[in-house]
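Everything below concerns the one structure shown next.
The values are calculated or read from the model by the stated rules, or taken from the named source; none is laboratory data. What you are looking at is a predicted structure, and each value in this text was computed from that prediction instead of being measured. Counting neighbours? That spans all protein chains shown, and the Cβs are built from the backbone with ideal geometry, glycine included.
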């Protein structure tokens, strides 16, 4: 999610609150540089420390901190989780903030985290309209198309706050049925599979309606999920019946 036009955000220079946010972002970056590794458990432990430290901060401070961590240091994981685990910041995430936080997305992992931790939950709680997510799904930018599909997971995966949403899931999936970009194909498969546990019949109808317009990988993995509960059932060992 790095921005190739990474900036020091000159509009903040005259704003004292930005000076403080910049100091916090720089401090986090220094802490990251001293970590023994950058695996998820290690980064999450650091994020949890700062979630506690910053729990009383106002929502916009947390959002702007996330923006600086992404644009100035490339710390998408920490940015998304710091915002996600600050209830006030999540409550204020709307289209403008999401567009700024998502600008410059350029790697599948950061895109998925943006969709599942920020955009999807904001959409699920009604902070942004389905029209915006469908617009992303039609974008010429492959990463925004994937972000739209990653956002769907927050509607359907319990751990992300979802309880199943057939209408909105299929509205977004219908925008990319002809897409043949590998990043989008994989995300479409996952989005449809996330709905299977909630509305298997609706997913079956979607597959029948769109038929071969869907990539073969999508058809195979989603049908496997419907039939067996997993996308790729293990083949029986040779000699076993």
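Below are the figures for this structure:
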| quantity | calculated |
| --- | --- |
| Residue list for the range 147-161, filter: outside any helix (DSSP H, G or I) and either closer than 10 Å to residue 194 by Cα or out of contact with any helix residue (DSSP H, G or I) (no Cβ under 7 Å at 6 or more places or on another chain) (or both) | 157 |
| Candidates 190, 168, 146 - the one that is out of contact with any strand residue (DSSP E or B) (no Cβ under 7 Å at 6 or more places or on another chain), touching a residue at least 40 places away in the same chain (Cβ under 8 Å) and within 12 Å of residue 124 (Cα to Cα) | 168 |
| Test: residue in the range 178-197 that is in contact with a helix residue (DSSP H, G or I) (Cβ under 8 Å, 6 or more places away or on another chain) and exposed (fewer than 14 other Cβ atoms within 10 Å of the Cβ) | yes |
| Some residue of the range 229-240 being on the phi > 0 side of the Ramachandran plot and modelled with pLDDT under 95 | yes |
| Residue match in the range 159-169 (condition: crowded, with 22+ Cβ neighbours inside 10 Å and either under 19 Å from residue 223 (Cα atoms) or at pLDDT below 95 (or both)) | yes |
| Near pairs, Cβ below 7 angstrom, 6+ apart or cross-chain, from the range 202-220 (farther than 19 Å from residue 187 by Cβ) to any residue that is surrounded by fewer than 13 Cβ atoms within 10 Å (Cβ to Cβ) and modelled with pLDDT of 95 or more | none |
| Filter result (in contact (Cβ under 8 Å) with a residue 12 or more places away in the chain and surrounded by fewer than 22 Cβ atoms within 10 Å (Cβ to Cβ)) within the range 85-101 | 85, 88, 90, 91, 92, 94, 95, 100 |
| Condition met for residue 65 (modelled with pLDDT of 95 or more and crowded, with 24+ Cβ neighbours inside 10 Å) | yes |
